[in-house]
Amino acid sequence: VDVVRALGLALDPEGFVRVEPLRCETSVPGIYAAGDLTTRGQAAILAAAAGMLAAAALNTELTMQLAAEGHI
């Protein structure tokens, strides 16, 4: 996928985007990936679950940033 190449994301040996398993963060800090880009298990329910993990991790990261800046 062109955007994966443009971002310079690390790939696993099978060519899928490499992510940290519990946070879905890629090799580029602040970029998260889920679903068909990251696994052979290409099913809607698996993609939805991975998307939820990525969204939760991103929400946590943004909340921590806002707290550190004194906005919340």
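Quick rundown of the values:
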{"item": "Extreme residue, surrounded by the fewest Cβ atoms within 10 Å (Cβ to Cβ), among residues of segment 19-42 that are assigned to a loop (DSSP other than H, G, I, E, B) and without any contact (Cβ under 8 Å) to a residue 12 or more places away in the chain", "result": "29"}
{"item": "Test for residue 6: is it hydrophobic (A, V, I, L, M, F, W, C) and surrounded by fewer than 13 Cβ atoms within 10 Å (Cβ to Cβ)", "result": "yes"}
{"item": "Residues located in segment 9-18, provided they are surrounded by 11 or more Cβ atoms within 10 Å (Cβ to Cβ) and of a type outside the set (A, V, I, L, M, F, W, C)", "result": "12, 18"}
{"item": "Contacts under 7 angstrom Cβ, first residue in segment 44-72 being surrounded by 12 or more Cβ atoms within 10 Å (Cβ to Cβ), partner assigned to a helix (DSSP H, G or I) and at pLDDT below 95, 6 or more apart", "result": "47/35; 47/36; 50/35; 51/35"}
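The values are calculated or read from the model by the stated rules, or taken from the named source; none is laboratory data. As the structure is a prediction and not an experimental result, all values here were calculated from the model. Neighbour counts run over all protein chains shown; Cβ positions are idealised from the backbone, glycine included.
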